[in-house]
Structure formats: C-alpha cells, structure tokens
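Structure, as structure tokens:
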C-alpha cells in the first residue's frame, strides 16, 4: 500500500467522535477499499478536557484549529464545527487555499459559500466533499452527482429534516398537538433546546439548495428558497388530511420551470399512495426524477453519529483513491444563477385552514372572498368548537393559481371573523 491519507478532525462532537470510532473499528477494511490507510494524525475542539467517550491520546492535539490549514503533516481536514460563517468557513477556505482537501458535514456553509469554496477546490485540483451535509448517512450526493449523471433531473424533493418528520408522524400517530410533541422530542434528544432551524424549515432549505445545484447544474442559491415550517400545524390539520387520504410532511421541492429555478420548503399534503407518506420518525428520504432513470428514491437515517460518520469516511475513501473531480455535478465556473421561479404562477390544489369566531355569516364571508379571487372550493369541513370557543374551518381548493389563493386570503386580512392567520398547505402532485 502507498502512504496513508493523513487527516485532521476539527470538531469532536457526536459526528467527530463517531468518525474516530469508525476509523478505529473498520480501519483495516477501509484501507483495503481505499487502497491505502486513512490515519487520524491531529484533532482539535473547543474543550480539550471534555469526555467524548473515545480515547484521544493517540492523536496530536492542536489548540488553534487554524494551524491545521498549514500543517505539513495533514493532507485532509475534516470540518465538523458547524455554522455557515466564522471558524468553520475560515478553516475550510484556508485549508483549500493551502492545497488541503476538505470533508465537511456543514450544510449551512455549503449552502451559503459552496460556490466560492468549490471554485477554490477545483482551481487547486483538490477535493471538497460534503456527503454528510445532506441526509446524514444516505448517499444522495454521490447518487445525484455520479449515479444519475447521465440523466436530466426533472425535479428533486423529499423529507430533509428528521426532527420535523418525527414531530409530524408522532402527531399523526397519537393525535397530539405540536407543542406537546416538540417538548417530548427535546427531552428525547430529537430536537435542540432552540429548535428554530429545524421546525422553521431553515435546515431543510440549506439541504434543498445543495440538492438543486447538484440536480440542475445551477449555482447554489439558498436565498431564493421559499421557506415555511411546521409551527402552525395542529392535530386537527393532520386529522383532516388523513380523512382526505393524505399525510402531512415537510418537503423540500426543487425543479426548473422554463429555465427558472423553483425552490420551496413547505408542509405538503402527500397522497397516501406516495412512498413519502410512509416515511416515519426521524428518517429522511429524497426523490429524484430523471428523464431516463425514472423515479429514484434514497431513504435512511438522516442524522446520528453512526450514519453521519459513515458518510464522512466514505468521502475520505474517495479522496484516498485520488478522486477530486467537480464539487457539484459540473465545474463551478460553468454554473450560473437561475432566475427564481415565482410560486404564484404555479397551479395546484391547496388545503386552507381557518380559525374563526362562532357567529353567523363567517362561512359566507370566506367563500365570497374565494369566489372573488377566482378560487373554487372542492371540499369543506367545519369542525366542532375549540376550547376557546372558536371554530375550525378546513377546505381544499380545486386546481387554482397560487397567486389567486393568496389574493383570496388578502381579501380576508382585515376580517374580524378570523382569529389568527390562515394556514395554507399545498397538495403534492406530479405538477409540483
């Protein structure tokens, strides 16, 4: 075998510790598959004395992580610090500038700085790998960049956040409202103490922006993702969706529409006969539809030390084999920003839920606003009173322009009958 690939780990949290365990346990097999050993030579983190459940005595501790970028004994830096800017970005950029390949699990950094970092890596003919940044241990990056590379991808979409999927499927199974399930998820470790990035859709949007760039050859454009989370979904919504033959899932959705890029993270009503309707718990799943391959579905654990460490080490094996290649599906210099597609031009069915005062004339007021905006109602359900004495009204529209649905709700914005903003979710179809 040739000389080992010498790596340094920056960040020793759950994933970093998992990488150490994986390299130690499967080292001989990894060396056979990579054609040479992968050797951890240096580590760094904020707290040297913290117990991480792994023995660090065999590795050189580096107090200043920035020194790894110029360390002559390091061939590749593994960045597991997190955050779109600051230490993670600085270390990655400096490492690439000094000719060191980088493996990262940092979806926020790739979503915000991926084009710049890809250009640096390709200029130096070195690797920037990020399989672990999207969907944990699922090999979706390699699947899209390599396995589906002969296809024109028509659309890519899926369940990209395990925390949200755990909350929604638990609400579905037990009829419990959002806040109670979120609290349980935090106690079980499925949700962070501050869950905003997850439940407001930002984490999924980071991943979607990366998947869109891989799928369509367009520059990563996180700022163009239309993002909504799951905070306002009630158990009643899930019950109504089930009665209609749907399940609610937070989906990331991207496709090219006439050369314009549509990117959205929103709760969708997914038909019960669609594979994504049956993805439960914290599992992630990504669907890519190729013009020759047809529907491809990648499913598995989207987080956790084992699956994410597996993705990191798979990238290291590629680097040990000499695979640099393009960072995305084509050279970064050839990727251009596509104009964002306006969601208002899209046609589909929408689920709308209102909380209204229990008084005569409210339903007529709502239906008149729909009529005046050229939105036709396919079905309507009025449920019993809430504990506060309000009434829930849920409806599904016929095929309508999304801008018309928005216009109908704008007509109701000053209504004293509405107690809170309406919740709108789109029904997943082949047209999305």
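The values are calculated or read from the model by the stated rules, or taken from the named source; none is laboratory data. Computed from a predicted model, the values in this text were never measured in an experiment. Counting neighbours? That spans all protein chains shown, and the Cβs are built from the backbone with ideal geometry, glycine included.
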Is it fair to say residue 153 is assigned by TED's automatic domain parsing to the domain that holds residue 275, more than 29 Å from residue 129 (Cβ to Cβ) and surrounded by 19 or more Cβ atoms within 10 Å (Cβ to Cβ)?
no
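Results for (1) within 16 Å of residue 286 (Cβ to Cβ); (2) assigned to a loop (DSSP other than H, G, I, E, B); (3) assigned by TED's automatic domain parsing to the domain that holds residue 84, shown as yes or no for each residue.
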{"position": "167", "(1), (2), (3)": "no, no, no"}
{"position": "171", "(1), (2), (3)": "no, no, no"}
{"position": "179", "(1), (2), (3)": "no, no, no"}
{"position": "191", "(1), (2), (3)": "no, yes, no"}
{"position": "194", "(1), (2), (3)": "no, yes, no"}
{"position": "206", "(1), (2), (3)": "yes, no, no"}
{"position": "210", "(1), (2), (3)": "yes, no, no"}
{"position": "215", "(1), (2), (3)": "yes, no, no"}
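In this structure, does residue 247 turn out to be assigned to a loop (DSSP other than H, G, I, E, B) and either under 19 Å from the mean Cα position of the chain (by Cα) or in contact (Cβ under 8 Å) with a residue 40 or more places away in the chain (or both)? Full working, then the answer.
On the way: assigned to a loop (DSSP other than H, G, I, E, B): no; either under 19 Å from the mean Cα position of the chain (by Cα) or in contact (Cβ under 8 Å) with a residue 40 or more places away in the chain (or both): yes.
Against the criterion (assigned to a loop (DSSP other than H, G, I, E, B) and either under 19 Å from the mean Cα position of the chain (by Cα) or in contact (Cβ under 8 Å) with a residue 40 or more places away in the chain (or both)), residue 247 does not qualify.
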In the range 57-80, the residues that are part of a loop (DSSP other than H, G, I, E, B) and touching a strand residue (DSSP E or B) at 6+ places or on another chain (Cβ under 6 Å)
59, 62, 73, 74, 75
Would you confirm whether any residue within the range 268-283 is in contact with a helix residue (DSSP H, G or I) (Cβ under 8 Å, 6 or more places away or on another chain), surrounded by 23 or more Cβ atoms within 10 Å (Cβ to Cβ) and under 16 Å from residue 353 (Cα atoms)?
yes
Just to be sure I understand, how many residues within the range 270-328 are closer than 17 Å to residue 253 by Cα, in a helix (DSSP H, G or I) and under 16 Å from the mean Cα position of the chain (by Cα)?
1
Please find, among 62, 78, the residue that is at pLDDT 95 or above and within 22 Å of residue 130 (Cα to Cα).
78
Looking at residue 113 and the list (1) out of contact with any strand residue (DSSP E or B) (no Cβ under 8 Å at 6 or more places or on another chain); (2) more than 20 Å from residue 66 (Cα to Cα), which single condition is not satisfied?
(2)
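Specify which of the listed residues (95, 101) is in contact with a helix residue (DSSP H, G or I) (Cβ under 7 Å, 6 or more places away or on another chain) and free of Cβ contacts under 8 Å to residues at least 60 places away in the same chain.
Step by step, each of 95, 101 is checked, and only 95 is in contact with a helix residue (DSSP H, G or I) (Cβ under 7 Å, 6 or more places away or on another chain) and free of Cβ contacts under 8 Å to residues at least 60 places away in the same chain.
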Within the range 415-425, does at least one residue satisfy the condition of being surrounded by 15 or more Cβ atoms within 10 Å (Cβ to Cβ), in contact (Cβ under 8 Å) with a residue 24 or more places away in the chain and closer than 30 Å to residue 295 by Cα?
yes
Checking 71, 51 in turn, the sole residue that is within 17 Å of residue 103 (Cβ to Cβ) and out of contact with any helix residue (DSSP H, G or I) (no Cβ under 9 Å at 6 or more places or on another chain) turns out to be 71
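Can you tell me which residues in the range 166-184 are more than 17 Å from residue 232 (Cα to Cα) and touching a helix residue (DSSP H, G or I) at 6+ places or on another chain (Cβ under 9 Å)?
Residues of the range 166-184 more than 17 Å from residue 232 (Cα to Cα): 173-174, 184.
174, 184 - these are the residues of the range 166-184 that are more than 17 Å from residue 232 (Cα to Cα) and touching a helix residue (DSSP H, G or I) at 6+ places or on another chain (Cβ under 9 Å).
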Got at least one residue in the range 374-383 being closer than 30 Å to residue 166 by Cα, at pLDDT 95 or above and in contact with a strand residue (DSSP E or B) (Cβ under 9 Å, 6 or more places away or on another chain)?
no
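Could you identify the single residue in 260, 242 that is surrounded by fewer than 16 Cβ atoms within 10 Å (Cβ to Cβ) and either under 16 Å from residue 170 (Cα atoms) or not assigned by TED's automatic domain parsing to the domain that holds residue 180 (or both)? Write out each step before concluding.
Numbers: 260 fails: either under 16 Å from residue 170 (Cα atoms) or not assigned by TED's automatic domain parsing to the domain that holds residue 180 (or both).
The conditions single out 242.
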